[in-house]
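Presented below is the structure to which this report refers.
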Amino acid sequence: MRTLLFDLDGTLTDPFVGIVTSVQHALEKLGRDVPPAEELAFVIGPPLTETYRQLLNTEDEALIYEGIRLYRERFTTVGLYENERYDGIIEVLQAAKDRGDRLFVCTSKAWVYAEKIVAHFEMDDFFEKTYGCELDMTRSNKVDLLAYLLEQEKLDASQCIMIGDRKHDIIAAKKNGVRSIGVLWGYGSEEEFAECGTDTVVGSREELGEHLADSLVA
């Protein structure tokens with residue numbers, strides 16, 4: 001049985017407004033310069049620890065976690081649902097279920113928030129479980145998270161495909177012996193995927209659906 005592992009942000013949903021506005025909120029609270037929204041798209045995908053390490057130009061763990069706390073101050077009350085499900089993604093998920101594929105969500109976002117988003121956008125019936133980091137950022141590194149998912153579900157990595165829009169998804173897949181599909185409707189790019197050695201790149205939900213229908217894991 002084939003298993004499909006879907007990233008959340010930039011793959012299943014477009015979280016731009018909620019994430020970016022919450023990042024701006026945190027920076028403002030910290031008294032830092034607040035870049036315009038269009039300059040902050042790069043924060044979608046990486047773990048929050050990586051985001052705030054870069055944004056604050058610091059290795060100070062206390063400051064990084066204060067940034068995360070302030071981000072969540074807005075995200076958990078407002079930003080969570082400032083989000084849109086991508087058109088056509090339900091059809092991809094339904095076709096996968098109809099074929100007998102197993103489906104999981106694998107996201108760097110805290111699983112307690114990711115579960116709410118997946119349910120809010122009526123995708124929870126497609127997925128057996130949503131995997132994400134803990135609130136203390138344990139397993140925020142996607143390599144570790146994917147390894148944990150494979151272990152917990154007793155999955156054969158050779159029968160799995162990781163589907164995501166950023167290099168973190170692809171690197172995690174390669175490190176864990178999982179095939180990967182990079183999607184171009186999110187926040188990554190063809191250059192990013194080429195650099196990290198993505199197995200397949202698709203440009204639309206329709207193309208993803210067709211590829212999954214036509215392909216088999218060896």
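The values are calculated or read from the model by the stated rules, or taken from the named source; none is laboratory data. Keep in mind that what you see is a predicted model, and the values were worked out from it rather than measured. With ideal geometry, Cβ positions are generated from the backbone for all residues, glycine too; neighbour counts draw on all protein chains shown. Calculation scope for accessible area: heavy atoms of the full protein, side chains included, ligands and nucleic acids excluded. Shrake-Rupley method; radii C 1.70, N 1.55, O 1.52, S 1.80 Å.
Would you please name the residue that is most open to solvent (accessible area, probe 1.4 Å), looking only at residues in the stretch 199-210 that are assigned to a helix (DSSP H, G or I) and within 19 Å of residue 8 (Cα to Cα)?
206
Just one of 85, 102, 74 is among the basic types (Lys, Arg), at pLDDT 95 or above, farther than 17 Å from residue 140 by Cβ and crowded, with 19+ Cβ neighbours inside 10 Å; which is it?
74
When only residues in the stretch 182-214 that are of a type in the set (Val, Ile, Thr) and touching a Leu at 6+ places or on another chain (Cβ under 7 Å) count, which is farthest from residue 93 (Cα to Cα)? Lay out the reasoning, then the answer.
Restricting attention to the stretch 182-214, the residues satisfying the condition of being of a type in the set (Val, Ile, Thr) are 183, 198, 200-202.
Now restrict to residues that are touching a Leu at 6+ places or on another chain (Cβ under 7 Å): 183, 201-202.
Values: 183: 15, 201: 18, 202: 16 Å.
Ranking the qualifying residues of the stretch 182-214, first place goes to 201.
With the checklist (1) surrounded by fewer than 18 Cβ atoms within 10 Å (Cβ to Cβ); (2) part of a helix (DSSP H, G or I); (3) touching a strand residue (DSSP E or B) at 6+ places or on another chain (Cβ under 7 Å) in hand, flag the one item residue 135 doesn't pass.
The one condition residue 135 does not meet is (2).
State whether one or more residues within the stretch 190-198 are of a type in the set (Ser, Thr, Tyr), open to solvent by less than 10 Å² (accessible area, probe 1.4 Å) and touching a strand residue (DSSP E or B) at 6+ places or on another chain (Cβ under 6 Å). Step through it out loud before you land on a result.
Narrowing the stretch 190-198 to residues of a type in the set (Ser, Thr, Tyr): 198.
Next, from what is left, pick out any that are open to solvent by less than 10 Å² (accessible area, probe 1.4 Å): none.
Scanning the stretch 190-198, I find no residue that is of a type in the set (Ser, Thr, Tyr), open to solvent by less than 10 Å² (accessible area, probe 1.4 Å) and touching a strand residue (DSSP E or B) at 6+ places or on another chain (Cβ under 6 Å), so the answer is no.
Quick check on this structure: which one of 112, 183, 143 is crowded, with 19+ Cβ neighbours inside 10 Å and either at pLDDT 95 or above or closer than 23 Å to residue 2 by Cβ (or both)?
It is 183.
Among 31, 45, which is touching a His at 6+ places or on another chain (Cβ under 9 Å) and not in a helix (DSSP H, G or I)?
Residue meeting the stated conditions: 45.
Select from the stretch 31-47 the residues that are within 29 Å of residue 143 (Cβ to Cβ) and surrounded by fewer than 16 Cβ atoms within 10 Å (Cβ to Cβ) and list them in ascending order.
Within the stretch 31-47, 35, 39, 41, 42 meet the criteria.
Is it fair to say residue 126 is of a type in the set (Phe, Trp, Tyr), at pLDDT 95 or above, within 30 Å of residue 159 (Cβ to Cβ) and surrounded by fewer than 19 Cβ atoms within 10 Å (Cβ to Cβ)?
Criteria not met by residue 126.
Just to check your reading of the model, which residue among 143, 118 is within 23 Å of residue 206 (Cα to Cα) and not charged (D, E, K, R)? Quick ask: steps written out before the conclusion?
Details: 143 fails: within 23 Å of residue 206 (Cα to Cα).
Matching residue, one of 143, 118: 118.
Matching residues to (1) under 17 Å from the mean Cα position of the chain (by Cα); (2) under 30 Å from residue 155 (Cβ atoms); (3) open to solvent by 30 Å² or more (accessible area, probe 1.4 Å); (4) not hydrophobic (A, V, I, L, M, F, W, C):
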{"residue": "8", "(1), (2), (3), (4)": "yes, yes, no, no"}
{"residue": "11", "(1), (2), (3), (4)": "yes, yes, no, yes"}
{"residue": "15", "(1), (2), (3), (4)": "yes, yes, no, yes"}
{"residue": "49", "(1), (2), (3), (4)": "yes, yes, no, yes"}
{"residue": "60", "(1), (2), (3), (4)": "no, no, yes, yes"}
{"residue": "63", "(1), (2), (3), (4)": "no, no, yes, no"}
